Amino acid sequence: AVVGCGYLGKFHANKYMKNKNAHLVGIVDINTKKFNELKNEFKVPVLKDISKIIDEIDAVSIVTPTKDHFSIAKEFLKHKKHVFIEKPYTDNVEQAKYLNNQAKKHNLIIQVGHLERFNKAFIELQKLIKKPLFIESNRLSPFKVRGSEIDVIMDLMIHDIDAAISLNKSKITKINASGIKVVTKSID
């Protein structure tokens, strides 16, 4: 199932529909205005409540605003379902640790949407770079309202941080970072 079928959630639903090893059972979204559109596009039930689908699935993609990730993931893990959560994983470290512990306790897979790890260019880069001495990353793009409920560090820069950590097999000795508030109340 896909919980949250907005901009990114539709990508998840499309991938499940096109994957011969997956079967999209349904979509859960609180925006009832989109129900007919989603039903017509994906030809699956569209529901407002996760309890209506939780027993019908093996795994779920959670593609909702970050503030909802923890409560939704907690419920699916309680019902012994594998969980994919778009990043940021949760609002805080304590919630993340709780979800990790629940997944381990029930022998479940829980994965965060660090998709750059699977980017073909990054996979090739990992083969070439063995001992980086210096890594610099700049991320510049036009402002988008979608996703602005979290700061740009947790929305986009987290990919750069994940890539740097993946490339660097030694102890990190120094990190410098800067960011400013331009449009929102947090670093954007």
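The values are calculated or read from the model by the stated rules, or taken from the named source; none is laboratory data. None of these values were measured; they are calculated from a predicted model. Don't worry about glycine lacking a Cβ; one is built from the backbone with ideal geometry, like all the others, and counts go over all protein chains shown. Only protein heavy atoms, including side chains, enter the accessible area calculation; ligands, DNA and RNA are left aside. Shrake-Rupley method; radii C 1.70, N 1.55, O 1.52, S 1.80 Å.
Each part gets one Cα centre, and for the stretch 60-85 versus the stretch 92-117 those centres are 10 Å apart. A Gaussian network model of the chain, with springs between Cα atoms under 10 Å, assigns the largest mean-square fluctuation among Phe70, Phe118, Phe35 to Phe118. Rolled with a 1.4 Å probe across the full set of protein chains, the surface gives Thr32 an accessible area near 80 Å². Counting only protein heavy atoms and a 1.4 Å probe, the chain has 69 square angstrom of accessible area per residue.
Compared with the dominant Cα axis of the chain, that is its longest principal axis, helix 158-167 is turned about 60°. Normalised by residue number, the volume inside the convex hull of the Cα atoms of the stretch 1-111 is 90 Å³ per residue.
Other residues whose C-beta falls under 15 angstrom from the C-beta of Lys131 contribute a net charge of +4, scoring Lys and Arg +1 and Asp and Glu -1. Length gained on full extension, His114 to Glu41: 23.6 nm, using 0.36 nm per residue less the C-alpha separation. For the chain, the longest principal axis of the C-alpha atoms and the axis of helix 93-105 are separated by about 60°. Legend: residues Tyr89, Tyr16, Tyr7, Tyr98, sorted from most to least accessible area (1.4 Å probe; ligands, DNA and RNA excluded), read Tyr7, Tyr98, Tyr16, Tyr89. When the chain is treated as a Gaussian network with alpha carbon springs shorter than 10 Å, the biggest mean-square fluctuation among Asn31, Asn21, Asn101 belongs to Asn21. Out of the total accessible area of the chain (probe 1.4 Å, heavy atoms of protein only), what percent is carbon and sulfur? Its accessible area is 55 percent carbon and sulfur atoms. By the helix-only formula, in which each DSSP H run with n ≥ 4 contributes -39500 (n - 2.57) and the sum is divided by residues, the chain has a 222 nm mean residue ellipticity of -10500 deg cm²/dmol. Rg then Dmax, both in Å and based on the Cα atoms of the stretch 77-160: 16.0, 45. For the chain, modelled as a Gaussian network with Cα springs under 10 Å, which listed residue fluctuates most, Lys120, Lys34, Lys174? Among Lys120, Lys34, Lys174, the largest GNM mean-square fluctuation belongs to Lys174. Using θ = phi - 60° in the Karplus curve 6.51 cos²θ - 1.76 cosθ + 1.60, the 3J(HN,Hα) couplings for the stretch 175-181 round to 10, 10, 9, 9, x, 9, 9 Hz; x is entered for Gly and Pro.
Amide H contacts for Val28 (H built 1.01 Å from N in the peptide plane; partners 5 or more residues away or on another chain; cut-off under 5 Å): Val2, Val3, Gly4, Leu47.
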